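No value in this document is a laboratory result; all are computed from the given coordinates. All values reported here derive from a predicted model rather than from experimental measurement. Reconstructed Cβ throughout: ideal geometry from the backbone, glycine too, with neighbour counts over all protein chains shown.
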Amino acid sequence: MAAARATLPLPRVPAPSPRPQLRPFPSLPARRGAVACGAGSAAGVAASLRLGDVIEAQQFDRAALTEIFEVAREMEALERGSSSRGAGRSRVLEGYLMATLFYEPSTRTRLSFEAAMRRLGGEVLTTENAREFSSAAKGETLEDTIRTVEGYSDIIVLRHFESGAARRAAATADIPVINAGDGPGQHPTQALLDVYTIEREIGTLDGIKLGLVGDLANGRTVRSLAYLIAKYQNIKIYFVSPDVVKMKDDIKEYLTSQGVEWEESSDLLEVASKCDVIYQTRIQKERFGERIDLYEAARGKYIVDKKVLDVLPKHAVIMHPLPRLDEITIDVDSDPRAAYFRQAKNGLYIRMALLKLLLVGR
Amino acid sequence: MAAARATLPLPRVPAPSPRPQLRPFPSLPARRGAVACGAGSAAGVAASLRLGDVIEAQQFDRAALTEIFEVAREMEALERGSSSRGAGRSRVLEGYLMATLFYEPSTRTRLSFEAAMRRLGGEVLTTENAREFSSAAKGETLEDTIRTVEGYSDIIVLRHFESGAARRAAATADIPVINAGDGPGQHPTQALLDVYTIEREIGTLDGIKLGLVGDLANGRTVRSLAYLIAKYQNIKIYFVSPDVVKMKDDIKEYLTSQGVEWEESSDLLEVASKCDVIYQTRIQKERFGERIDLYEAARGKYIVDKKVLDVLPKHAVIMHPLPRLDEITIDVDSDPRAAYFRQAKNGLYIRMALLKLLLVGR
Amino acid sequence: MAAARATLPLPRVPAPSPRPQLRPFPSLPARRGAVACGAGSAAGVAASLRLGDVIEAQQFDRAALTEIFEVAREMEALERGSSSRGAGRSRVLEGYLMATLFYEPSTRTRLSFEAAMRRLGGEVLTTENAREFSSAAKGETLEDTIRTVEGYSDIIVLRHFESGAARRAAATADIPVINAGDGPGQHPTQALLDVYTIEREIGTLDGIKLGLVGDLANGRTVRSLAYLIAKYQNIKIYFVSPDVVKMKDDIKEYLTSQGVEWEESSDLLEVASKCDVIYQTRIQKERFGERIDLYEAARGKYIVDKKVLDVLPKHAVIMHPLPRLDEITIDVDSDPRAAYFRQAKNGLYIRMALLKLLLVGR
């Protein structure tokens, strides 16, 4: 399992796609009426985001990211405009029903999706314990479960413990499927909200200097982020991690092939002084098994604290996928450059945007 | 327990009722304002379905089934008409609140009820772990729980591990109660959707030839189906099951008393060649206890596969209450006669119909 | 733990507040736009209920209670008026989203809050297993969880196993927090519904004679009720409990300081003959640990049964926070003076009132 985790499936889709067209998810036929969306009212500018399922970060090219982020901004404006009065909420997804089918608990992600659906007037069917639900416990296949649940809903948000489960579900379902994390595999909406947050906080993505800190070997978050950010120009990435959890070669090779500069460093303060974004991650105890000593050594090594803030440029930000333990000290929270709770909130806007695009189009 | 399961409570209500009038559930007084519903606009055709609770398959006579199925067809038309746009959904149950009180998990059934309620604009209160909820764990009676929950909602959908629990709940509550399965007892909405599926797929119920396959001793599904189908004319039933899980005598005697022809067979292919419906069921491992050898022998004996399809008439269908393990092979799924996922979807329409009839009438 | 429980935090806020003004929760700054509400249409009567969070019973003075109860009566009228047709429901909280963040299960309380929100047209995000949710299990602080969840919702209802958790959550969140019970600490909405029930059933609060029966040492319910009722005039309280679970001195001293008469009695029948309200409670087995013998002796000592009804004044009522075991016999239920299920229903109205006051004001 650990070995398998070391080679996440990212490099399977290395071929860079031609820019302005969203690649439909490669192995899946376009099953639904495609959602075409004009990028403007002018004739001939018919950009077209055809979004069928959201399965992995690799399915999005730069044009698709741009369009999703535009819709996310609209969602954010909608939310802020209506926050003083509940009655001002959008009802654009009224009558639509989303099933959150979670085979392992992830309350943060589940609540984010369910809030997104409800903020747009939609309804939700929830199951948090799909793994124990009688059908799965009795040996029903994921495919059979999907066929049943798609009869009850308009879109399925799937969280699963097995890599590849979302792809299997999407291949089965006639309604859209969103991958909310499938084991060591993918968590594409997290990757999208991370990139969106950088753009929102810094104002641009091209030319970004990004420090990835912490567990770079096991975190699917930083791996997906590295993959997506490589779609932009003049990116520089610094890897800062304990030796036992260094970034794997597959990502490094991919970055090089995309013309992304990267280097490894053991000096967090020096990196922080040069970056636009410090992306801190949690050292995951569960990856160390019996070797608690290695875990303890690794977890205390790179902490984001006041000293990091002291050298961090004024315009830069600290990000973190959360939950955080002590890898960012509490006293950092009050600094305006602490962006991690804004980042979590951006997850709401990104998920609202995806639900809208998948269900009613732009 | 096993012995108790062997004699399910079906024969308690053997007296055939006079046709066109729905028997109100026998031991329960009509507590609510009865829902009268004209079967047409013409004077004098005032058929009246008075539906107070849905407790067991036996409470429905043929006229009641006909009316429920008519409403289910309307629900199906509604669903299909609006599926392209969420905004076209019915809001007929807007402002109504359904409590799903599940003392044992059954996500499939729960999601089906909750989808049904939401598809009609209603709202849902969910508890999936009622058994562990602090009140029940502290020793509160079911009756006390029902009295509390009925204060919060307009209708209760109860799943319980004890036979008779739904009847007790209905006797307590002043709002409608729907039995979503009470232990080895009843699961009347499953029985309704099974009969509805036969009518939808074959076009009629009178004259049907039905093969019941698999675990006929323990499955409440096939027992309830046999009971309900006996209300129609010229029915022929074939029982195909391993010896250890043969249909019990009580149902056989009941069928005979109703003039239903039945026979036992060990030749699935021959039965399949003569039937309109093959109703396959799962051999339930949990019924065999330590005798894994008996289970293994029983489960592999009658499999619905391509060979069955080869002899099955063109107009006939394969049904299954799901979940399915390997008693229907995957390659059967793509045959148009594989009706089991349509059957699952019919559960949505039947439950929509029941909720509408119970809450606002026809 | 047991010792800690013996000194509940009530005496921390002993200072009686000046009457007609609601004390904002002491240690929390007024963070939100205050909700002002005129107590009448006449100029100059601008009473102002500024309700930011609901954390503990002590935060409410008599004027605040009066206003909350007035809104609860409006909610009750609304409910009764619309009960025949779902469509008549209020939609005053349409577009608002409540997160129920429960770190320990309490289905009764959760369903009551969720029903309250939905009865007013609002929406709900639910998590019943917040303690096991991956973030908390991974060591995330309550504060971090609150910061994330407040990004998804408009109000948080928190149930927690630690005393003081609600206060911490309220100090963190920029949206309102309602304490739905924090361990041995507070359960203020239960206290409010208890006092509201007395007023609804008896018609007044001043001059009430109240018998508190059962486990008076551990029950936060009776302790909070004693605290709140002391805000009214000419109150008399009788304590009737087994010796091992007698009312603690802190409450007795507080009552005395407020001019409330109280006495202890071992004669339930004599007390019942003099009271307006008998408030029975469950002897909680879990408080006795190994001493099952003490528990068994205590639980059977004071039972509310037909003999109690025989001496109870005609206008008086029996209350109980539920769940009940055998401390009130079943045959009492049919007596019109059995108010405990009406009391449970009042929880719905009180919670509707609080949600309305916190989200949109009066």
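Position C:Glu94: other-copy label points at 0.6, 0.7 nm, ordered by increasing distance, label point 7 Å along Cα→C-beta. The alpha-carbon atoms of segment B:161-247 define a convex hull whose volume equals 102 cubic angstrom per residue. Under 20 Å from a label point set 7 Å out along the Cα-to-Cβ vector of B:Lys236, the amide N atoms of segment B:304-330 belong to B:308-319. Each of A:Tyr295, A:Tyr196 was scored by other Cβ atoms within 10 Å of its Cβ. Listed from fewest to most, they are A:Tyr295, A:Tyr196.
Among the aspartates and glutamates, which have Cα under 14 Å from the Cα of B:Lys307 when same-chain residues fewer than 8 positions away are ignored? By straight Cα distance, B:Lys307 reaches B:Asp267, B:Glu270, B:Glu327, B:Asp331, B:Asp333, B:Asp335. Take each residue of peptide A:143-150, count the partner chain Cβ atoms within 10 Å of its Cβ, and average: the result is 5. Evaluating kT/(6 pi eta Rh) at 4 °C and 1.567 mPa s, with the Kirkwood radius of segment C:285-342 over Cα pairs in the Stokes-Einstein relation, gives 102 µm² s⁻¹.
Ordered by the count of other Cβ atoms within 10 Å of each Cβ, fewest first, B:Thr204, B:Thr189 give B:Thr204, B:Thr189. When the pairs C:Lys209/C:Lys306; C:Lys209/C:Lys345; A:Lys209/C:Lys138; A:Lys138/B:Lys345; A:Lys252/C:Lys138; B:Lys248/B:Lys345 are compared against a 25 Å limit on Cα-Cα distance, A:Lys209/C:Lys138; A:Lys252/C:Lys138; B:Lys248/B:Lys345 fall above it. Simple spin-label estimate for C:Arg62 and C:Glu94 gives 4.1 nm between the two label positions (7 Å along the Cα-to-Cβ direction from each Cα). For peptide B:198-207, the mean count of partner chain Cβ atoms within 10 Å of a residue's Cβ comes to 0. The peptide list A:121-128, A:147-154, B:169-176, put in order of mean Cβ contacts within 10 Å with the highest first, becomes A:121-128, A:147-154, B:169-176.
Which of rounded, prolate, oblate describes segment C:233-362, given a ≥ b ≥ c as roots of the alpha-carbon gyration tensor eigenvalues and a/c under 1.5 marking rounded, otherwise prolate only if a/b is larger than b/c? It is rounded, given that a/c, with a ≥ b ≥ c, falls under 1.5.
Charges were assigned to the Cβ only: +1 to each Lys and Arg, -1 to each Asp and Glu. The resulting dipole of segment A:131-259 about its Cα centre is roughly 340 debye. Shape call for segment A:232-284 from the C-alpha gyration tensor, a ≥ b ≥ c root eigenvalues: rounded (a/c under 1.5), prolate (a/b greater than b/c) or oblate? It is oblate, given that a/c is not under 1.5 and a/b is not larger than b/c. Projecting the Cα atoms of C:Val332, C:Leu359, C:Ser273 onto the dipole axis of segment C:244-362, where Lys and Arg carry +1 and Asp and Glu carry -1 at the beta carbon, places C:Leu359 farthest toward the positive end. Near the amide H of B:Tyr279, within less than 5 Å, lie the amide hydrogens of B:Gly211, B:Leu212, B:Val213, B:Met319, all on another chain or at least 5 residues away, with H placed in the peptide plane. Summarised as an ellipsoid, segment A:199-305 has semi-axes of 24, 15, 11 Å, derived from the eigenvalues of the Cα gyration tensor scaled by 5 and square-rooted, with the largest first.
Cα convex hull, segment C:89-202: 107 Å³ per residue, rounded to a whole number.
Between the amide H of B:Glu327 and any residue lying 5 or more places away or on another chain, no distance stays under 5 Å, with hydrogens modeled in the peptide plane. Sorted shortest first, the distances from the B:Arg131 label point to those of the same residue in the other copies are 2.0, 2.0 nm; each point sits 7 Å from Cα along Cα-to-Cβ.
Per residue of peptide B:91-99, the mean number of Cβ atoms on other chains within 10 Å of the residue Cβ is 4. Between copies, the label points of A:Asp305, set 7 Å from Cα on the Cα→Cβ line, lie 6.7, 6.7 nm apart, reported in increasing order to one decimal in nanometres. Here the Karplus relation 6.51 cos²θ - 1.76 cosθ + 1.60, evaluated at θ = phi - 60°, turns the backbone of segment B:177-187 into coupling constants of 10, 10, 7, 9, x, 10, x, x, x, 10, 8 Hz, with x for every Gly and Pro.
Within segment A:180-220, name every residue whose backbone N is under 11 Å away from a label modeled 7 Å from Cα of A:Arg131 along the Cβ vector. Under 11 Å, as judged by backbone N against the label point of A:Arg131, lie A:183 of segment A:180-220.
On the rotation that sends chain A to chain C, the chain A Cβ lying closest to the axis gives residue and distance in whole Å as A:Thr126, 4.
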